[in-house]
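Participant: I have a structure here, written as structure tokens, and I will follow up with some questions on it.
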Amino acid sequence: MKLLDGKATSLDIQNEIKVNVEELISAGHKKPHLAAIIVGDNPASRAYVGHKIKACAHVGFDSTLIELSSNIEEEQLIDEVNQLNHNKEIDGFIVQLPLPDHIDEQKILQAILPEKDVDGFHPVNAGKLSLGLPSFLPATPAGIVELLDRYNVETSGKHAVVLGRSSIVGTPMTLLLSRNAKRGNCTVTICHSKTQNLSDITRQADIVIAAIGRPHFVTADMIKPGAIVIDVGINRIDDPSKKSGTRLTGDVDFEAVSKIAGAITPVPGGVGPMTIAMLLKNTLKASLLK
Ligand code: GUN
């Protein structure tokens with residue numbers, strides 16, 4: 001079994017971006033600048049955004065964090081988005097999801113200018129992806145493709161099974177894996193909560209992408225020996241042996257599945273850091289497109 005080390009790969013990519021930024025600055029460009037809006041005090045979201053801001057400093061980007069109260073009105077949040085849309089200093093920005101229930105997430109995402117939408121969530125970017133046109137790719141699926149590429153995992157002609165149909169991971173993942181491109185050309189099956197005989201399907205997979213948000217959902221009996229297993233889940237579970245009383249775990253039963261998989265991503269240290277690297281790549285691209 002090969003461990004697909006997202007943490008080390010993300011650091012490699014960040015160091016490459018850092019060199020790009022130094023070259024840009026020498027050539028008279030300004031530093032790329034990412035902004036992030038976070039609404040409320042969801043501890044997981046705060047941690048993710050904190051990692052994104054920290055990574056900006058690592059690669060030499062400027063960053064701005066806008067922290068808003070969970071009881072902000074939808075219209076006020078749209079005003080904040082519009083300010084970033086019009087702010088010439090900001091190359092790209094994200095609104096960390098999920099948003100509080102009283103806010104229509106789609107309304108907010110659609111208010112972001114597509115050319116500053118470095119998460120790739122705006123319908124223009126999602127539509128371009130589905131048509132195979134250049135766009136900002138959603139960072140998590142793009143990070144998975146990049147990880148497969150850096151580990152030279154052959155995808156052409158393979159059967160990939162994607163568990164989960166979310167608009168930010170599962171659905172764009174199926175598009176990326178099936179497109180006619182390097183680390184694409186898979187035959188893709190997308191599974192979801194209404195899928196029947198799930199294990200029969202996953203056992204046929206050469207590549208399994210687990211993005212369902214249920215701890216240890218994917219068990220060893222669901223995996224074909226030698227399959228590539230990518231775990232997108234980040235679930236916090238109780239663990240009395242830890243000082244905090246909890247720990248992070250993925251959607252895959254790592255201990256058992258790692259014994260039969262050909263390659264597997266750990267949690268933490270797998271897909272999560274790759275998401276950050278791809279967000280930085282998108283921000284660099286946004287700064288060069290202006
Ligand atoms: N919530 C979970 N993943 C993401 C992401 O990639 N971007 C944003 N904005 N919110 C998220």
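Participant: Go through (1) more than 14 Å from the ligand (Cβ to nearest atom); (2) touching an Asp or Glu at 6+ places or on another chain (Cβ under 8 Å); (3) part of a loop (DSSP other than H, G, I, E, B) one by one and return the number of the condition Gly157 breaks.
Facilitator: (2)
Participant: Answer yes or no: is there a residue in region 244-265 that is in contact (Cβ under 8 Å) with a residue 24 or more places away in the chain and surrounded by fewer than 15 Cβ atoms within 10 Å (Cβ to Cβ).
Facilitator: Among the residues of region 244-265, at least one is in contact (Cβ under 8 Å) with a residue 24 or more places away in the chain and surrounded by fewer than 15 Cβ atoms within 10 Å (Cβ to Cβ), which makes the answer yes.
Participant: Here's another thing I want to ask about it. Given the structure, is Leu289 closer than 30 Å to Phe121 by Cβ, more than 16 Å from the ligand (Cβ to nearest atom) and in contact with an Asp or Glu (Cβ under 9 Å, 6 or more places away or on another chain)?
Facilitator: yes
Participant: If I go through region 85-98 residue by residue, how many of them are surrounded by fewer than 24 Cβ atoms within 10 Å (Cβ to Cβ) and of a type in the set (A, V, I, L, M, F, W, C)?
Facilitator: Within region 85-98, residues that are surrounded by fewer than 24 Cβ atoms within 10 Å (Cβ to Cβ) and of a type in the set (A, V, I, L, M, F, W, C) number 2.
Participant: Also: From Ser167, Ser130, Ser70, Ser63, which residue is more than 16 Å from the ligand (Cβ to nearest atom) and among the hydroxyl-bearing types (Ser, Thr, Tyr)?
Facilitator: Exactly one residue qualifies, and that residue is Ser130.
Participant: Among the strands (runs of 3 or more DSSP E) lying completely within region 195-290, list those that include at least 3 residues that are in contact with a Cys (Cβ under 8 Å, 6 or more places away or on another chain) and under 25 Å from Ser166 (Cα atoms).
Facilitator: Numbers: elements: 207-210, 228-231, 235-238, 246-249.
In region 195-290, no matching strands (runs of 3 or more DSSP E) lie anywhere.
Participant: Here is a follow-up. Could you tell me whether region 21-33 includes any residue that is within 16 Å of the ligand (Cβ to nearest atom) and either in contact (Cβ under 8 Å) with a residue 12 or more places away in the chain or part of a loop (DSSP other than H, G, I, E, B) (or both)?
Facilitator: First pass over region 21-33, keeping only residues within 16 Å of the ligand (Cβ to nearest atom): none.
No, the conditions are met nowhere in region 21-33.
Participant: Only one of these conditions is not met by Thr189: (1) closer than 24 Å to Asn125 by Cα; (2) polar (S, T, N, Q); (3) assigned to a helix (DSSP H, G or I). Which number is it?
Facilitator: Tallying (1) closer than 24 Å to Asn125 by Cα; (2) polar (S, T, N, Q); (3) assigned to a helix (DSSP H, G or I), Thr189 fails exactly one: (3).
Participant: Considering Lys107, Lys54, which residue is charged (D, E, K, R) and farther than 23 Å from Ile276 by Cα?
Facilitator: Lys107
Just so you know, all these numbers are worked out from the coordinates, no wet-lab data involved. All values reported here derive from a predicted model rather than from experimental measurement. For neighbour counting, all protein chains shown are included, and Cβ atoms are generated from backbone atoms with ideal geometry for every residue, glycine included.
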